[in-house]
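Undergrad: Before I ask anything, here is the structure I am working with.
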Amino acid sequence: KFIFVTLFLSLFGLFCNAQQKFNELINLQRYEKTNAELPLPVKGENRVVFIGNSITQGWVSKRPDFFTSNNYVGRGIGGQTSPQLLSRFRQDVINLKPTAVVINIGTNDIAENTGAYDPDFTLGNIMSMAELAKANGIKVILSSVLPVGEYPWRKDIKDVPDKIAALNAGIRAYAKKNKFAYIDYYAVMHDENRALISSYGSDGVHPVEEGYAVMEKVAKAVINKVIK
């Protein structure tokens, strides 16, 4: 009996620890203070939230004027995957009352940052975020995963360009079916090998300023049509 109780308590402790680690991975604290300090938009104000991973986070830090001058709000967290974005979508998007949201996620799912890659699960999470936004009166703008030849931190993952192409096709088809806007970063960022154009990135995954400048042109053109 003592052994059973001890085993139960040990397993319960592991379960609680796993829950705590998942909560930490969501990282709700990252923008908690900033969100609280951000005033709600006034009537006629077209706020746009960009939610994503390190690509979105790096965009804000490298090209801050693009965000401040256009009333764009960046809510990217490095390393995150689609279930993490979905878990913080209410806090970091819905509660900010934007006119529109730009959702960019999926590359870290393929890189298996938080578990084995399941394309249906990833696309399903993107669909859930889009549906949450629509249900709350927020215009949905989906976007393609950027091109990657291989992940520097996960070189063991094979067929990365194929996986990205397939996920992008799924996102685009879903956007078309539901009449959501779609930003195709991939089309203007890939080289002949379906990898990121070398001058646009620092490590084959993350854009540098030149890459972000290209992304800004295609993003702003789509956003302007959505919020006009």
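Undergrad: Would you tally the net charge around GLU210, using a Cβ to Cβ cut-off of less than 13 Å, leaving GLU210 out, and scoring K and R as +1, D and E as -1? Don't skip to the answer; put the middle values down first.
TA: Working: positive: LYS62, ARG63, LYS217; negative: GLU209, GLU216.
Value of the local net charge: +1.
Undergrad: Next up: Given the peptides 31-41, 129-139, 82-92, arrange them by the average over their residues of other C-beta atoms within 10 Å, most packed first. Provide the component values of the computation, followed by the final result.
TA: On the way: 31-41: 11.9, 129-139: 16.5, 82-92: 20.5.
Result, highest mean Cβ count within 10 Å first: 82-92, 129-139, 31-41.
Undergrad: Assuming R0 = 30 Å, can you tell me the calculated FRET efficiency for the pair ASN71 and ASP203, based on Cβ-Cβ distance, to the nearest 0.05? Could you put the intermediate results ahead of the total?
TA: Details: r = 31 Å, r/R0 = 1.02.
Calculated value: 0.45.
Undergrad: Shifting gears a bit: State the percentage of accessible surface on region 91-228 attributable to carbon and sulfur atoms; use a 1.4 Å probe and exclude ligands, DNA and RNA.
TA: Details: 3270 of 6270 Å².
It is 52 percent, rounded to a whole number.
Undergrad: Using just the alpha carbons, could you tell me how many Å³ per residue the convex hull of region 63-123 encloses? Walk me through the intermediate numbers first.
TA: On the way: hull volume 5.6 nm³, N = 61.
About 91 Å³ per residue, rounded to a whole number.
Undergrad: Relative contact order for the chain using alpha-carbon pairs under 8 Å, separation at least 6, rounded to a whole percent?
TA: Details: 331 pairs, mean separation 38.4, N = 228.
Over the chain, the number comes to 17 percent.
Undergrad: Here's something else I'd like to know. Rounded to the nearest 5, what % of the DSSP beta bridges within the chain are antiparallel ones?
TA: Taking every DSSP beta bridge with both residues in the chain, the antiparallel ones total about 15 percent.
Undergrad: Apply the Debye scattering formula to the chain, with a single equal point scatterer on each alpha-carbon and no solvent, then give log10 I(q)/I(0) at q = 0.12, 0.15 Å⁻¹.
TA: Results for the chain at q = 0.12, 0.15 Å⁻¹ read -0.65, -0.98.
Undergrad: Run lengths n ≥ 4 of DSSP H only: what is the helix-derived mean residue ellipticity at 222 nm for the chain, with -39500 (n - 2.57) per run over all residues, to the nearest 500?
TA: Working: 11 runs with 119 residues, N = 228.
The helix contribution divided over the chain gives -15500 deg cm²/dmol.
Undergrad: Next question, about the same structure. Relative to the longest principal axis of the C-alpha atoms of the chain, give the angle of the C-alpha long axis of helix 2-26, reported between 0 and 90° and rounded to the nearest 10°.
TA: 10 degrees
Undergrad: Please give the charge dipole size of region 76-228, origin at the Cα centre, charges +1 on K and R Cβ atoms and -1 on D and E Cβ atoms. Round to the nearest 20 debye. Walk me through the numbers on the way to the answer.
TA: Details: 18 positive and 17 negative charges, 198 e Å.
That gives a dipole near 960 debye.
Undergrad: Also, I was wondering about something else. I need to check one value: relative contact order of region 23-111, counting alpha carbon pairs closer than 8 Å and at least 6 residues apart, in percent. Write down the numbers at each step before the final one.
TA: Numbers: 122 pairs, mean separation 35.7, N = 89.
With pairs under 8 Å counted, the relative contact order is 40 percent.
Undergrad: Over the alpha-carbon set of region 95-228, divide Rg by the Kirkwood Rh and report the Rg/Rh ratio to two decimals.
TA: Values: Rg = 14.9 Å, Rh = 15.4 Å.
Ratio of gyration radius to Kirkwood radius for region 95-228: 0.97.
Undergrad: Can you give me the accessible area per residue for region 75-225, using a 1.4 Å probe, in Å²? Before the final figure, lay out each step's value.
TA: Numbers: 6380 Å² over 151 residues.
The answer is 42 Å² per residue.
Undergrad: Next up: Given a Förster distance of 22 angstrom, what is the FRET efficiency for ASP191 paired with SER61, based on the Cβ-Cβ distance and rounded to 0.05?
TA: Efficiency computed from Cβ-Cβ geometry: 0.30.
Undergrad: Let me ask something else about it. Do you know the Lys pair count in region 140-228 for C-alpha distances under 30 Å, with sequence separation 8 or more or different chains?
TA: 23
Undergrad: Mind computing the radius of gyration and Dmax over the alpha-carbon atoms of region 186-228? Å is fine for both.
TA: Here Rg and the maximum Cα pair distance are 11.8, 37 Å.
Undergrad: Separate question: Spelling out what I want: for every residue of region 165-173, take phi, set θ = phi - 60°, compute 6.51 cos²θ - 1.76 cosθ + 1.60 (Karplus), and round to whole Hz; glycine and proline get x.
TA: So the Karplus estimates, Gly and Pro as x, are 4, 5, 5, 4, 4, x, 5, 4, 4 Hz.
Undergrad: Something else: Using alpha-carbon positions, what is the distance between the centroids of region 162-183 and region 84-154, in Å?
TA: Using only Cα atoms to place each centre, the spacing works out to 12 Å.
Undergrad: By average Cβ neighbour count within 10 Å, what is the ranking of 192-198, 150-156 from highest down?
TA: On the way: 192-198: 14.3, 150-156: 12.4.
Sorting 192-198, 150-156 by mean packing, highest first, produces 192-198, 150-156.
The values are calculated or read from the model by the stated rules, or taken from the named source; none is laboratory data. Values in this document were obtained by computation on a predicted structure and should not be read as measured data. Here Cβ is always computed from backbone atoms with ideal geometry, including for glycine, and neighbour counts include all displayed protein chains. Accessible surface areas use protein heavy atoms only, side chains included; no ligands, DNA or RNA. Shrake-Rupley method; radii C 1.70, N 1.55, O 1.52, S 1.80 Å.
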